[in-house]
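Throughout, read-outs are computed from the coordinates displayed, never taken from laboratory work. All of these numbers come straight from a predicted model, not from anything done at the bench.
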Amino acid sequence: MKNTLLLPLLLFLSALGAHAQSAAPRDTSGVRVIRPGLEISGETIICPGSLTALKVEGKYATYQWSTGHQTPNLTVYKPGTYSVTVTTSGGCELTGSVTVRYNPNPCL
């Protein structure tokens, strides 16, 4: 009689385990969305009366600076936050910004 109860119990537990596995969340750790960052180079501390050149690193299809300029380089003469939006050849937009400040120490 013990064998008669054991087989249905094993079948039930087996089915329950299979159902629990199929309801479990899928492992998506192998899927990655890689979005490259936007790098802006240039001096961010300037002296009054001087300038700095900001440059978007990398090649993009279009450039749109907060000043209205549409080139990879921007010449800056005064402090402020300058942002740029670029469009990749695939149509993705990336935005970055940099803040330029006056040197708090006396400039020579």
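Counting only Cα atoms, I'd like the Rg/Rh figure for segment 40-102, Kirkwood definition for Rh.
Expressed as Rg/Rh, it is 1.00.
Report the relative contact order of segment 40-102, percent, no decimals, based on alpha-carbon pairs under 8 angstrom and at least 6 residues apart.
Contact order relative to length: 35 percent.
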